[in-house]
Amino acid sequence: MLDLFTYDFMQRSLLAAAMVGGLCSAVGVFVVLRGLAFVGAGTSHAAFAGVALGYLMGWPPLGLAILFGLATVWITGWMEERGRMKLDVSIGILYTTTMALAILFIGLMKAYNAEVYGYLFGSVLSVTGDELRTIGGLGLLVLGVILLFSKELYFIAFDQEMAEASGVPARRMFFLLLTVIALTVVVSMKTVGAILVFAMILIPASTAYQLTHSLTTLTWYSVAIGVTTSVAGVMISALWDVPSGPAIVLLATTMFFLSVLFSPKRINRPLLSA
Amino acid sequence: MSNSESSIIQFERATFGFPGIIALKDITLSISAGQFVGVIGPNGSGKTTLCRAVLGLMAPLEGHLHIFDCACDELRCHHRAQIGYLPQKGVVDRNFPVTVLETVMMGRYGALGLLKRPSGKDREIAMEALAHVGMESHRDTALGHLSGGQQQRVFIARALAQQPKVLLLDEPTTGLDITTQHNVIELVQHLHEELKLTVLLITHDINMIRSRVDRLVLLKTRLYASGPPADVLKPDILRQVYGKDLVITDKDLLIVEDYHHHHH
């Protein structure tokens with residue numbers, strides 16, 4: 001069994017899983033707290049449409065994924081800010097439109113392309129060295145942004161208007177958060193797949209949410225849960241020969257339900273909070 | 001009491017709202033440093049708009065607004081960090097996973113600016129703010145575990161941590177029981193006196209504040225009256241604004257029933 005971990009591909013996939021798990025779960029804290037769950041789900045589908053277009057036209061898929069992802073979050077944020085439309089409605093429209101585009105692009109391809117499906121369902125075991133460097137580079141960028149602006153991001157997640165009223169550039173921070181979400185989704189797509197990447201953003205932070213009342217602790221718990229479940233998911237995937245994406249996500253979901261059951265918040269919360 | 005100090009908030013024939021919807025019209029009002037001002041008026045009278053204007057979140061459609069030495073004819077004012085703001089209850093998610101000290105520390109973020117980490121000094125300021133509202137022993141408690149009145153104290157401490165010149169409170173007593181309401185208003189009065197803060201308190205409850213404020217501002221889209229409580233709380237003035245919702249039970253006791261308390 002331990003032989004498995006001496007293979008290069010296995011080491012690469014474990015490293016990719018750890019990085020993606022850590023990244024998604026750190027960004028996820030702000031997504032969960034600011035109530036942007038649906039935005040992330042929409043972004044991953046938009047990014048997948050970018051990948052499909054890339055393979056169709058022979059353009060770099062990752063670049064187009066970033067372009068599509070960023071366009072989606074920025075349009076969404078702009079629409080919310082203008083008060084034109086509720087966030088869930090505008091995202092719902094963009095989500096289905098980009099998915100329609102993705103299906104169209106795939107339909108236009110002359111031959112079956114396994115790599116496109118790799119982005120849809122995730123294939124961490126086939127991560128290449130180049131992809132690993134891209135994940136590492138973009139991941140560092142995203143984590144750097146989060147670390148630099150963590151206090152503002154926490155504040156706008158808590159209450160954007162109060163943040164703005166106390167002199168924090170809240171609108172710019174909101175768009176920065178949207179950008180970070182889009183980049184994270186794109187970086188993680190190859191590992192867990194466009195369909196499941198959002199679980200990696202949502203579940204570790206939601207699990208941590210059950211366990212603590214402190215923002216700082218919440219973030220650390222979320223990252224620990226994200227890294228652990230990703231790495232363990234890849235190991236399960238390799239040992240029992242099951243797809244890696246579902247292994248990671250189902251493991252994380254199990255942790256989530258356990259945390260709900262044993263949440264200290266549930267036990268300690270006063271029955272009537274005035 | 002209002003002294004001859006210079007005015008720090010000045011509305012000059014200012015109109016606020018969105019094109020087609022005017023929330024406040026032609027307001028001329030000047031508030032001096034160190035005053036305790038109560039802002040009253042029925043629902044939809046523009047009280048919250050006044051609040052957003054003072055926070056620099058809304059620019060006047062017509063007229064001018066000066067806050068400190070800043071002309072707020074357009075947004076992006078830099079005065080915001082100097083105004084400590086307590087939003088209406090219900091605006092903020094009170095079960096957000098945050099401790100009391102973490103909440104109060106957020107008051108430092110605007111003044112600190114981007115890319116700066118809070119230092120020991122900032123923690124000290126936050127702890128001092130908690131001491132002012134009598135909540136220092138709860139520093140590590142979860143915000144969601146506190147009672148409504150305690151949460152309100154923590155939010156006031158967050159505003160104080162900004163080391164503001166002005167404390168702006170939007171309906172600070174709504175949703176609290178009567179004893180807690182009194183405690184919160186007493187705390188505000190105490191802070192006004194001890195820290196020499198200018199206080200702008202928006203409320204439905206005239207009776208609660210009439211004996212404590214230096215000045216009342218009566219709004220209903222327009223400015224109906226402004227001055228010492230005794231001059232503003234006259235039946236003929238109040239009847240213009242509140243109409244039949246005004247009930248005067250006694251020569252000393254006024255009860256203004258608001259629309260949402262009223263059973264039609």
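Nothing in this text is a laboratory measurement; each read-out follows from the coordinates by a stated rule. These numbers were taken from a predicted model, which means no experiment stands behind them. When we count neighbours, we look across all protein chains shown, and the Cβ atoms used for this are built from the backbone with ideal geometry, even at glycine.
Just tell me how shielded A:210-216 is by partners: mean number of partner chain Cβ atoms within 10 Å of each residue's Cβ, no decimals.
Details: counts 1, 1, 3, 13, 7, 8, 3.
So the per-residue partner count for this stretch is 5.
Tell me what chain A gives for mean residue ellipticity at 222 nm when only DSSP H runs of n ≥ 4 count, each as -39,500 (n - 2.57), the sum divided by the residue total, rounded to 500 deg cm²/dmol. Don't skip to the answer; put the middle values down first.
Numbers: 13 runs with 222 residues, N = 274.
Result for chain A, helices only: -27000 deg cm²/dmol.
Excluding the sites themselves, what is the longest stretch of chain A that contains no chymotrypsin sites (Phe, Trp or Tyr not before Pro) in a DSSP loop with at most 16 other C-beta atoms within 10 Å?
A:113-261
Just flag the trypsin sites (Lys or Arg not before Pro) in the stretch B:162-213 sitting in loop per DSSP whose Cβ has no more than 12 other Cβ atoms within 10 Å.
Passing sites in the stretch B:162-213 are B:196.
With a cap of 16 neighbouring Cβ atoms within 10 Å, and only residues DSSP puts in a loop, list the trypsin sites (Lys or Arg not before Pro) found in the stretch A:1-105.
A:84, A:86
Given the pairs B:25/B:234; B:220/B:244; A:86/B:116; A:151/A:190; A:151/B:165; B:196/B:220, which are separated by over 26 angstrom at their Cα positions?
Values: B:25/B:234 23 Å; B:220/B:244 15 Å; A:86/B:116 34 Å; A:151/A:190 30 Å; A:151/B:165 23 Å; B:196/B:220 29 Å.
Going by Cα-Cα distance, A:86/B:116; A:151/A:190; B:196/B:220 fall outside the 26 Å limit.
Taking amide hydrogens as modeled 1.01 Å from N in the peptide plane, which residues meet the under 5 Å criterion relative to residue B:98, leaving out close sequence neighbours?
Distant-sequence amide H within range of residue B:98: B:143, B:144.
Other chains' Cβ within 10 Å of A:148-159 residues: what's the mean? Provide the component values of the computation, followed by the final result.
Values: counts 3, 2, 1, 10, 7, 0, 6, 5, 0, 3, 9, 6.
Taking all residues of A:148-159 together, the mean is 4.
In which sequence would A:29, A:242, A:249 go, from the one with the fewest C-beta neighbours within 10 Å to the one with the most?
By the 10 Å Cβ count, ascending, the order reads A:242, A:249, A:29.
What average count of beta carbons from other chains do you get within 10 Å of the Cβ of residues in A:163-174?
Details: counts 3, 6, 16, 18, 15, 9, 4, 1, 0, 1, 1, 0.
Mean partner-chain Cβ count within 10 Å for A:163-174: 6.
Rounded to the nearest 500 deg cm²/dmol, what is the calculated helix-only ellipticity per residue at 222 nm for chain B, with -39500 (n - 2.57) per DSSP H run of length n ≥ 4?
My calculation for chain B gives -9000 deg cm²/dmol from helical runs alone.
Counting DSSP beta bridges in the protein assembly as shown, what percent are antiparallel, to the nearest 5? Spell out each step's value before the answer.
On the way: 24 of 41 bridges.
Bridges in the protein assembly as shown that DSSP calls antiparallel: roughly 60 percent.
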